[in-house]
Amino acid sequence: MLVGAAIGAKIHSFWAIFIFAAVSHFLTDFLPHWDYIENLEDEIKNKFLVFNLKIFTDFAIGLAIFLWLFWNSPFIYYAFFGALVAILPDSLILLRSLFLVYLKKRLALLEKYFNFHKKFHFYKDKRFLFWGIICELTVAALAIVIILS
């Protein structure tokens, strides 16, 4: 979200923001980080409340930081668009999982997208928890530095 916002803050063309923010999502997926893609259907099915709490907390923290950085910015619309585009790829994964869990349907387009998306992911391993936290904090800090520069 913050990387997309940083892109939007510096590039003031919606088409360019869309391209760069979407690509940035897949590039940052290569790094160890917190994510929901693993066991997503089980999380939705068996731990619905906890799963929603995780997503809400993650989104609320990101939104709070976003608003702190952009509340009076003339570039808030560009930054907001970049942030939305940056989280869109994972939103499509969530949509796929909701179709699977609640409608018991696999949509061909979402399945193809899911298979494409998971090729970019760094899958969690408990040994990498420390590095995942370091990577996320580093990427967030760099995005904030770019936004504030």
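The values are calculated or read from the model by the stated rules, or taken from the named source; none is laboratory data. Keep in mind that what you see is a predicted model, and the values were worked out from it rather than measured. Neighbour counts run over all protein chains shown; Cβ positions are idealised from the backbone, glycine included.
Search the stretch 42-65 for residues that are over 26 Å from Gly4 (Cα atoms) and in contact (Cβ under 8 Å) with a residue 40 or more places away in the chain and pair each with any residue that is in a helix (DSSP H, G or I) and β-branched (Val, Ile, Thr) when their beta-carbon atoms are under 8 Å apart and the residues are at least 6 apart or on different chains. Here the result reads Ile44/Val101; Lys45/Val101, each pair linking the stretch 42-65 to a residue that is in a helix (DSSP H, G or I) and β-branched (Val, Ile, Thr). Under the condition of being surrounded by 14 or more Cβ atoms within 10 Å (Cβ to Cβ) and either of a type in the set (D, E, K, R) or modelled with pLDDT of 90 or more (or both), the residues counted in the stretch 118-149 number 8. Looking across Lys10, Lys45, one residue alone is surrounded by fewer than 19 Cβ atoms within 10 Å (Cβ to Cβ), at pLDDT 95 or above, over 20 Å from Glu136 (Cβ atoms) and charged (D, E, K, R). It is Lys10. Are any of the residues in the stretch 50-69 at pLDDT 90 or above, more than 13 Å from the chain's Cα centre (by Cα) and not in a helix (DSSP H, G or I)? For the stretch 50-69, residues at pLDDT 90 or above, more than 13 Å from the chain's Cα centre (by Cα) and not in a helix (DSSP H, G or I): absent. What about Phe114, is it touching a helix residue (DSSP H, G or I) at 6+ places or on another chain (Cβ under 6 Å), within 18 Å of Ile7 (Cα to Cα), at pLDDT 85 or above and surrounded by 13 or more Cβ atoms within 10 Å (Cβ to Cβ)? Answer is no for this residue.
Taken over the stretch 1-35, the residue count meeting the criterion of being outside any helix (DSSP H, G or I) and of a type in the set (A, V, I, L, M) is 3. Taking each residue of the stretch 94-123 that is part of a loop (DSSP other than H, G, I, E, B) and looking for partners that are at pLDDT below 90 and among the β-branched types (Val, Ile, Thr) with beta-carbon atoms closer than 7 Å, six or more apart or interchain, yields His121/Ile37. Output yes when any residue across the stretch 5-21 is within 19 Å of Leu94 (Cα to Cα), of a type in the set (A, V, I, L, M, F, W, C) and without any contact (Cβ under 8 Å) to a residue 60 or more places away in the chain, and no when none is. Looking for residues that are within 19 Å of Leu94 (Cα to Cα), of a type in the set (A, V, I, L, M, F, W, C) and without any contact (Cβ under 8 Å) to a residue 60 or more places away in the chain, one finds none in the stretch 5-21, hence no.
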